[in-house]
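The block underneath contains the structure these notes are about, expressed in structure tokens.
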Amino acid sequence: MPAVTIIATVLNEIDDIGRLVPSLFAQIPPPAEIIIVDGGSSDGTWEWLCEAARAHPNLQPIRDESCNLKRSLGPISRGRNVAIAASTSSLIACVDAGCTYPPDWMARITAPLADGSAQYALGGSSLDMEDPTLWDLASAPFFGVKLDPAEFSKSCTARSMAFTKELWQSLGGFPESVFFGEDTLFDLNARRQTRPAFVDHAKAFYRPQYTFRSACRQLSLYAMSDGILGVRRARLTRNAARCGLEVLAVLSLPWTTAALLVVLVLQGWFAYQPDWAILRPMGPRVILARFLFALAVPWVVAGGYLHGMVTDTNPANRQNRDEE
């Protein structure tokens, strides 16, 4: 098997780094390198990485404070580009803080690259069911996150992505002009050159730990990024149409309840269609939370998208918010 480098970029991830990195050490076979770029952490993340590197020679932490929103419009992309530029392998596998990876993840996600059938592979992500919050379960499908790790996914998230270093070079790397949506842009650029392989059972196990408020904010930020970039306009159209239908249904109540009932049935379909069989045994609290979040989604997405189109401003991330 060709040498593989696993790369990640972090900033103030002390709550997650102790779960991410051990799952990478446990990969079978082990990666040639694990390169993690720290954008200037102040919470102990950097010190944790340096200590871990003493015991694991294949872990290479790099501290580069230009990979920070205070110094770059696209710090996540920049961190990935710094890591890949420092790699010595022909195959690159991307991971993300907030996730863990089963021991066969790297072998699976890079298999199409190793056998020459693809230059680019995607694995998607599934919810870490060890200790999900109510709103993790409610919001998962609206972030492209599966509840069933065996379910097929076409998500282009960099939580589980692999490509040849040659492809990365030909694309000019990850785009460093955007904070959110950099993996979407990379995916769009990659598909102009090659078709991705969608790999079964190569998902990242994601642990967002959302509240209702934080899930809505994250969804809004992703939509805002789409608006800034002018991508996925069909998403705006679809969600704006749902908002319009809800308004019309409420306005028609003095004359009929039929329109509102139709809207609620449609919202129920959006809410439960992806994984009703998994949600049903979890009880009414989870089922109601999923429905409430589905009602909020079109407003959050349409509002965020339009905000991005109008302001064209890169939003701050949580790690930088207190330091800028």
Here are some conditions: (1) surrounded by 21 or more Cβ atoms within 10 Å (Cβ to Cβ); (2) outside the structural domain of residue 20 (by TED's automatic domain parsing). Residue 218 meets all but one. Which one does it not meet? (1)
Of the conditions (1) surrounded by 14 or more Cβ atoms within 10 Å (Cβ to Cβ); (2) out of contact with any Cys (no Cβ under 9 Å at 6 or more places or on another chain); (3) closer than 17 Å to residue 180 by Cβ; (4) aliphatic (A, V, I, L, M), residue 279 satisfies every one except a single condition; which number is it? (3)
Matching residues, region 4-22, being within 17 Å of residue 60 (Cβ to Cβ) and in contact with a strand residue (DSSP E or B) (Cβ under 6 Å, 6 or more places away or on another chain): 4, 5, 6, 7, 8, 9, 10
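Yes or no, residue by residue, for (1) crowded, with 21+ Cβ neighbours inside 10 Å; (2) closer than 19 Å to residue 173 by Cα:
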position	(1), (2)
5	yes, yes
27	no, no
47	no, no
67	yes, yes
76	yes, yes
83	yes, yes
88	no, yes
104	no, no
Of the residues in region 160-191, those that are touching a Phe, Trp or Tyr at 6+ places or on another chain (Cβ under 6 Å) and among the charged types (D, E, K, R) number 1
How many residues are part of a helix (DSSP H, G or I), under 27 Å from residue 104 (Cα atoms) and polar (S, T, N, Q) if we restrict to region 172-207? 1
Being under 27 Å from residue 130 (Cα atoms), surrounded by 15 or more Cβ atoms within 10 Å (Cβ to Cβ), in the same structural domain as residue 98 (by TED's automatic domain parsing) and touching a residue at least 40 places away in the same chain (Cβ under 8 Å): is that true of residue 10 here? yes
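Matching residues to (1) under 27 Å from residue 143 (Cβ atoms); (2) in contact with a Lys or Arg (Cβ under 7 Å, 6 or more places away or on another chain); (3) β-branched (Val, Ile, Thr):
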position: 257; (1), (2), (3): no, no, yes
position: 266; (1), (2), (3): yes, no, no
position: 269; (1), (2), (3): yes, no, no
position: 273; (1), (2), (3): yes, no, no
position: 286; (1), (2), (3): yes, no, yes
Of all residues being surrounded by fewer than 21 Cβ atoms within 10 Å (Cβ to Cβ) and touching a Leu at 6+ places or on another chain (Cβ under 8 Å) in region 188-206, which is nearest to residue 146 (Cα to Cα)? Just the residue, please. 198
Of the conditions (1) surrounded by fewer than 20 Cβ atoms within 10 Å (Cβ to Cβ); (2) within 17 Å of the chain's Cα centre (by Cα); (3) touching a residue at least 24 places away in the same chain (Cβ under 8 Å), residue 144 satisfies every one except a single condition; which number is it? (3)
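The values are calculated or read from the model by the stated rules, or taken from the named source; none is laboratory data. No experiment lies behind these values; they were computed from the predicted model shown. Don't worry about glycine lacking a Cβ; one is built from the backbone with ideal geometry, like all the others, and counts go over all protein chains shown.
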